[in-house]
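> Before we start, here is the structure in question, set down as structure tokens.
The values are calculated or read from the model by the stated rules, or taken from the named source; none is laboratory data. In this text, all values refer to a predicted model and were calculated from it rather than measured experimentally. Note that each Cβ is placed from the backbone with ideal geometry, even for glycine, and that neighbours are counted across all protein chains shown.
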Amino acid sequence: MNNPLHNQQIVLAEHPSDTPTKNTFGFNNIEIPQIGKGQVLLKSLYISVDPGMRGFMDKGEDDAAGLKFELNKPITSRSVAQVIESKHEDFPKGTIVHARLAWKKYQLGETDHLEKVNPDLAPISTAVSILGIPGLAAYFGMEKIGKPKKAETVVVSGAAGAVGSVAVQLAKFHECNVIGIAGSDAKIEFLEKDLGIDKGIKYKKVSTMKQAIKEACPNGVDVFLTM
């Protein structure tokens, strides 16, 4: 019987020389993999697209983590998926999981590398955002290393990004004076109006960052977190 599911994957078609374009990626129709004993078939639900992935697209040998993307091979990133077929008792059909997965609509999952996601805890998309690596990076960077205290001045670079936007909110929770550095008017507006930071610095507009930070932080900087 033919499988009614239609499968696709996104591969790295070329090494970009600058900003990736549509030619950087290839879209391929592929077969649905056959599930074997102890395996699960996953359907991708959420795929994280992070700035750091741009470096993995460049030419070169594999880095220490083995994350360099090979030409004509699927791109990978942290993802949320659902088990739609299972031959593993610990991951029954319907289970939501998180792992670094290939950019495929359907794929086999190695159960040793899958983490279960509790949909009752928070929206499952948070497993690749605030409850995932971005949130953990912000939490440990701010809470365990920066350790901000009430009324201190905290400066966050890359403040509008996935990690930075969490970090500035943690600093505001501690009632700090929070300065966020970002690159566009829209990001500054987001930081000041939506996240409630005390002042945003658009780095593309200032003559020198040293002077801009000095003006925004007349009493000095107690915590500086860069993304």
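> Regarding R100, is this residue of a type in the set (K, R), surrounded by 18 or more Cβ atoms within 10 Å (Cβ to Cβ), touching a Ser or Thr at 6+ places or on another chain (Cβ under 7 Å) and under 26 Å from V163 (Cα atoms)?
no
> Restricting attention to the range 118-127, and to residues there that are aliphatic (A, V, I, L, M) and in a loop (DSSP other than H, G, I, E, B), which single residue is surrounded by the most Cβ atoms within 10 Å (Cβ to Cβ)?
Filtering the range 118-127 for residues that are aliphatic (A, V, I, L, M) and in a loop (DSSP other than H, G, I, E, B), the one surrounded by the most Cβ atoms within 10 Å (Cβ to Cβ) comes out as A122.
> Every residue in the range 106-117 that is within 19 Å of the chain's Cα centre (by Cα) and surrounded by fewer than 17 Cβ atoms within 10 Å (Cβ to Cβ), please. If you could, list the steps in order and put the result at the bottom.
Our first condition is that a residue be within 19 Å of the chain's Cα centre (by Cα); within the range 106-117, this holds for 113-117.
Matches in the range 106-117: H113, E115, K116.
> Looking at N7, N23 in this structure, which one is exposed (fewer than 11 other Cβ atoms within 10 Å of the Cβ) and in contact with an Asp or Glu (Cβ under 7 Å, 6 or more places away or on another chain)? Steps first, answer last, please.
Working: N7 fails: exposed (fewer than 11 other Cβ atoms within 10 Å of the Cβ).
Exactly one residue qualifies, and that residue is N23.
> Hey, any hits in the range 155-175 for a residue that's more than 19 Å from the chain's Cα centre (by Cα), in the same structural domain as P218 (by TED's automatic domain parsing) and small (G, A, S)? It would help to see each step written out before you state the result.
So the first thing to find is which residues in the range 155-175 are more than 19 Å from the chain's Cα centre (by Cα), and the list is 155, 171-175.
Imposing the further condition that a residue be in the same structural domain as P218 (by TED's automatic domain parsing) reduces the set to 155, 171-175.
When the remaining residues are screened for being small (G, A, S), the result is 171.
Yes: one or more hits.
> For the range 139-148, give me each residue that is surrounded by 13 or more Cβ atoms within 10 Å (Cβ to Cβ) and touching a residue at least 40 places away in the same chain (Cβ under 8 Å).
Residues satisfying the conditions are G141, M142, G146, P148.
> Can you give me the number of residues within the range 200-227 that are part of a helix (DSSP H, G or I) and either under 14 Å from V168 (Cβ atoms) or in contact with a strand residue (DSSP E or B) (Cβ under 7 Å, 6 or more places away or on another chain) (or both)?
Start the filter on the range 200-227 by keeping residues that are part of a helix (DSSP H, G or I), which leaves 209-216.
Right, trim to either under 14 Å from V168 (Cβ atoms) or in contact with a strand residue (DSSP E or B) (Cβ under 7 Å, 6 or more places away or on another chain) (or both) and you get 212-213, 216.
Total satisfying the criteria: 3.
> Let me ask you something else. What single numbered condition from (1) in contact with a Leu (Cβ under 9 Å, 6 or more places away or on another chain); (2) surrounded by fewer than 19 Cβ atoms within 10 Å (Cβ to Cβ); (3) assigned to a helix (DSSP H, G or I) fails to hold for I84?
Among (1) in contact with a Leu (Cβ under 9 Å, 6 or more places away or on another chain); (2) surrounded by fewer than 19 Cβ atoms within 10 Å (Cβ to Cβ); (3) assigned to a helix (DSSP H, G or I), the lone unmet condition for I84 is (3).
> Moving on to the next point. What single numbered condition from (1) surrounded by 13 or more Cβ atoms within 10 Å (Cβ to Cβ); (2) at pLDDT 95 or above; (3) β-branched (V, I, T); (4) closer than 21 Å to I179 by Cα fails to hold for I130?
Only one criterion is unmet by I130, namely (2).
> Looking only at the range 143-178, which residues are in contact with a strand residue (DSSP E or B) (Cβ under 6 Å, 6 or more places away or on another chain), over 16 Å from K199 (Cα atoms) and part of a helix (DSSP H, G or I)?
Of everything in the range 143-178, just one residue is in contact with a strand residue (DSSP E or B) (Cβ under 6 Å, 6 or more places away or on another chain), over 16 Å from K199 (Cα atoms) and part of a helix (DSSP H, G or I), namely G146.
> Residue check, E175 against (1) surrounded by 18 or more Cβ atoms within 10 Å (Cβ to Cβ); (2) at positive phi, all met but one. Which one?
(1)
> Now, a different point. Is it the case that I197 is assigned to a loop (DSSP other than H, G, I, E, B), surrounded by 18 or more Cβ atoms within 10 Å (Cβ to Cβ), at pLDDT 95 or above and not acidic (D, E)? Please lay out each step first, then the result.
Values: assigned to a loop (DSSP other than H, G, I, E, B): yes; surrounded by 18 or more Cβ atoms within 10 Å (Cβ to Cβ): yes; at pLDDT 95 or above: yes; not acidic (D, E): yes.
In short, yes.
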